[in-house]
Amino acid sequence: MISWVSLLATADHLLPSSHPIWVSTASGSYPIWTGYHLLAEKSFLQPYLAGKQVFILSHPEIAAHYLSCLKQTCLAAGAEQIDELLIPSGDAHKVLSSVEQIWTAMLSRHHYRDTTIIALGGGMIGDLAGFAAACYMRGVAFIQYPTTLLAQIDAAVGGKTAINYPHGKNMIGAFHHPRLIISDLATLNTLPKREFIAGIAELIKYGVALDSDFFDWIKSHIDDILCFKPEAISFAVRKACQLKAEIISLDEKDQGPRVVLNFGHTVAHALEALLDYSALLHGEAVAIGMVVALHLSFLRGSIDKSMLDDIVNLLNSLKLPTKLPSTITTVEILTKIKHDKKHFRNQLRWVLLDTIGKASICEEITDQQITQALLMCGAKP
Ligand SMILES: NC(=O)c1ccc[n+]([C@@H]2O[C@H](COP(=O)([O-])OP(=O)(O)OC[C@H]3O[C@@H](n4cnc5c(N)ncnc54)[C@H](O)[C@@H]3O)[C@@H](O)[C@H]2O)c1
């Protein structure tokens, strides 16, 4: 029996991949470095930090493992001033008051326009740090050190930054790309198992919505991923980043093809907000949201039952939730969905499946169809 804690394998897998993945957009290009023990590698940071101020944002439980190493690396890379702020974990803290706390701390420690904010954590701290950086003194540089699977494959990549607002999730934000992303895959060793599995839901999203070969690969390598086999983790993270980078290079600001990356997110965001960002992890909400989108695709005749079952079975095998909480009514979800950002010309844009590996945008979905799909997924009438 292989233990959950990492299988540290041959030296090859511990080295950083020699080629980064590049995200290229009209606003500029930046590299994503992936590999093991990159937190201690100063060469990535030197071009960005020499002689500069640095402000690191993290959570206490992540800082306990990795903050001192990152600070040493920043110093070795030539940073002249390093300050830090630890924010409590959880999406309930991805709010304006946390951003104000960041700005106040940076101003009181005299950070100027050439400072660099570093996000050390998952998607929550990345979104918060990115938004704080987008507005501080009209925009300062930031660097992502994602420490969750979900952030390494998705949240850190692509420049979407945001905070939650009483009206809904990620309602206030900005597009602000990081200068670089450094994914130290060894940090996944301390990630709670539930968080890791929630990240796999977003991995499955890439296969389902964009690449059927990748979906098949995930299915056949799921045990290797769960056992933390470095080859499998490295391949999965790099493949997902490549897929996302390709889409972003076509559509930086979510006006066209990038929208398909929101597969499952319409219902996911509604659920997270309805449950006060506490009962479900983001990836778990995405798993349920994908199942609702699959049922809608099935009801519209674009996929058959065997395709739907194939995907739901994979999610079930990971014990990811695939049913809506029975306490939430269809009307509550429909009402919340009406506030979704993904409206275009006053119509909500759904991302539905044509087949495994191909999702597309649909605007003409009726409330009756949505209600039927929600009921099929266990919502309260
Ligand atoms: N900007 C985007 O494009 C984008 C995309 C997807 C999701 N998101 C956002 O990302 C957030 C979810 O991110 P997440 O799933 O990474 O969760 P998270 O950032 O909330 O982190 C999950 C938990 O794991 C802990 N943790 C993180 N890394 C750890 C490590 N290596 N060791 C031990 N503990 C660790 C954190 O302290 C936290 O308690 C949501 O706010 C979501 O909206 C953003």
Exercise for the section: Looking only at the range 192-210, decide whether some residue is touching a Leu at 6+ places or on another chain (Cβ under 9 Å), under 25 Å from A133 (Cβ atoms) and open to solvent by less than 10 Å² (accessible area, probe 1.4 Å). Expected result: yes
Exercise for the section: May I ask you to list the residues in the range 153-172 that are within 8 Å of the ligand (Cβ to nearest atom), in a strand (DSSP E or B) and touching a strand residue (DSSP E or B) at 6+ places or on another chain (Cβ under 6 Å)? Expected result: T161, A162, N170
Completion exercise
Within the range 301-332, restricting to residues that are outside any helix (DSSP H, G or I) and small (G, A, S), the one that is most open to solvent (accessible area, probe 1.4 Å) is S326
Completion exercise
Every listed condition ((1) open to solvent by 20 Å² or more (accessible area, probe 1.4 Å); (2) away from the ligand (no atom under 16 Å from the Cβ); (3) modelled with pLDDT of 95 or more; (4) not hydrophobic (A, V, I, L, M, F, W, C)) holds for G51 save (3)
Handout entry: Cross-chain or 6+ apart pairs with Cβ under 9 Å, the range 69-91 first and touching a residue at least 12 places away in the same chain (Cβ under 8 Å), then open to solvent by 30 Å² or more (accessible area, probe 1.4 Å) and among the aromatic types (F, W, Y)
Key = A77/Y48; G90/Y277; D91/Y277
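Yes/no matrix, rows are residues, columns are (1) closer than 27 Å to N189 by Cβ; (2) surrounded by fewer than 22 Cβ atoms within 10 Å (Cβ to Cβ):
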| site | (1), (2) |
| --- | --- |
| Q81 | no, yes |
| H93 | yes, yes |
| T104 | no, yes |
| G126 | yes, no |
| A133 | no, no |
Handout entry: Residue in the range 102-111 that is in a loop (DSSP other than H, G, I, E, B), within 13 Å of the ligand (Cβ to nearest atom) and at pLDDT 95 or above present
Key = no
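The values are calculated or read from the model by the stated rules, or taken from the named source; none is laboratory data. Nothing here was measured: the structure is a model prediction, and the numbers come from that model. In this analysis, Cβ positions are derived from the backbone assuming ideal geometry, glycine residues included, and neighbour counts consider all displayed protein chains. Side chains included, ligands, DNA and RNA excluded: accessible areas come from the protein's heavy atoms. Shrake-Rupley method; radii C 1.70, N 1.55, O 1.52, S 1.80 Å.
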